[in-house]
1. With (1) farther than 15 Å from residue 196 by Cα; (2) out of contact with any Pro (no Cβ under 7 Å at 6 or more places or on another chain) as the list, and residue 79 as the residue in question, which single condition is left unmet?
2. Among the basic types (Lys, Arg) and touching a residue at least 24 places away in the same chain (Cβ under 8 Å) - does that describe any residue in region 145-153?
3. So, in region 173-185, how many residues would count as being within 18 Å of residue 123 (Cα to Cα) and part of a loop (DSSP other than H, G, I, E, B)?
4. Could you please tell me which pairs satisfy a Cβ distance under 8 Å, a separation of 6+ or placement on different chains, a first residue in region 187-204 that is among the acidic types (Asp, Glu), and a second residue that is in a strand (DSSP E or B)?
5. Do you know which residues across region 121-151 are in a loop (DSSP other than H, G, I, E, B) and closer than 15 Å to residue 99 by Cβ?
6. Hey, any hits in region 88-95 for a residue that's surrounded by 20 or more Cβ atoms within 10 Å (Cβ to Cβ), part of a strand (DSSP E or B) and on the phi < 0 side of the Ramachandran plot?
7. Do we have residue 170 as more than 23 Å from residue 55 (Cβ to Cβ), among the aliphatic types (A, V, I, L, M), in contact (Cβ under 8 Å) with a residue 24 or more places away in the chain and part of a loop (DSSP other than H, G, I, E, B) here?
Amino acid sequence: MIAARRFLAILSLILLTVSPGIAQDRAGLTVGATDSDLTGDDIVAATDARWGYHIGGFAETDVSESLSLNLGVNYTQKGGSGLLGTGLLDSERVELDLNYVELPLLVELKLPLGSTWSLMAYGGIGAAFNVSCKAALGGGEKEPCKDTGLGGPKTEWGVPAGGGLAYRLANGESIVLDVRYTWGLNDVVSNAVVRTGTWQFLVRLVGA
């Protein structure tokens, strides 16, 4: 909870520094799918990705005509399966289902292709607060992570980056098709060096 409060304080400070004379505020919704794999020193090999869903909302404000800040609040699913251990002969299969409330802060660059189409590129940092963590070791039944040898879940810090194609509607709203990848920066459980790498395939509706 301390990490969450610190992160929210930093986000608030960044957003407050944007000049009111430049800023134009918008909000929108995001839906899509996730494709996540396990990485980290204790993962000998990733075997299967976990497909999940992503849903949420965001607010954004302009820094200049082509640059904006975007803060999202999302529910997103991550995880996957792999071989956990020190080598192929000393490993067991692990499956992880991880569900998060995620707060990504993105810097977006817009490159107009005319009056209606634009290319988008962005990157940033995000914090994902775990709301559900289930694991299965050695092909067994899934149970809460804290009841396994993996230990309890941890807040995940990540670096999202990606791009998209935006189409401006007649009413001023925009539809954006996004593809982004988030590199997990820290372990997602307390007793193993396991991280995630997650693709997100998203559709965003941006208000006028």
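1. (1)
2. Going through region 145-153, the residues among the basic types (Lys, Arg) turn out to be 146.
Imposing the further condition that a residue be touching a residue at least 24 places away in the same chain (Cβ under 8 Å) reduces the set to none.
No - not one qualifying residue is present in region 145-153.
3. Residues of region 173-185 within 18 Å of residue 123 (Cα to Cα): 176-185.
So of that shortlist, the ones also part of a loop (DSSP other than H, G, I, E, B) come out as 185.
The total comes to 1.
4. 187/195
5. From region 121-151, those in a loop (DSSP other than H, G, I, E, B) are 138-142, 148-151; that's our starting set.
Listed by number, the list holds a single entry, 142.
6. Within region 88-95, one or more residues are surrounded by 20 or more Cβ atoms within 10 Å (Cβ to Cβ), part of a strand (DSSP E or B) and on the phi < 0 side of the Ramachandran plot.
7. Spelling it out, it is not the case that residue 170 is more than 23 Å from residue 55 (Cβ to Cβ), among the aliphatic types (A, V, I, L, M), in contact (Cβ under 8 Å) with a residue 24 or more places away in the chain and part of a loop (DSSP other than H, G, I, E, B).
The numbers here are math on the coordinates, done by the rules we state, and not lab data. Nothing here was measured: the structure is a model prediction, and the numbers come from that model. Cβ coordinates were reconstructed from backbone atoms using ideal geometry, including for glycine residues, and neighbour counts include every protein chain displayed.
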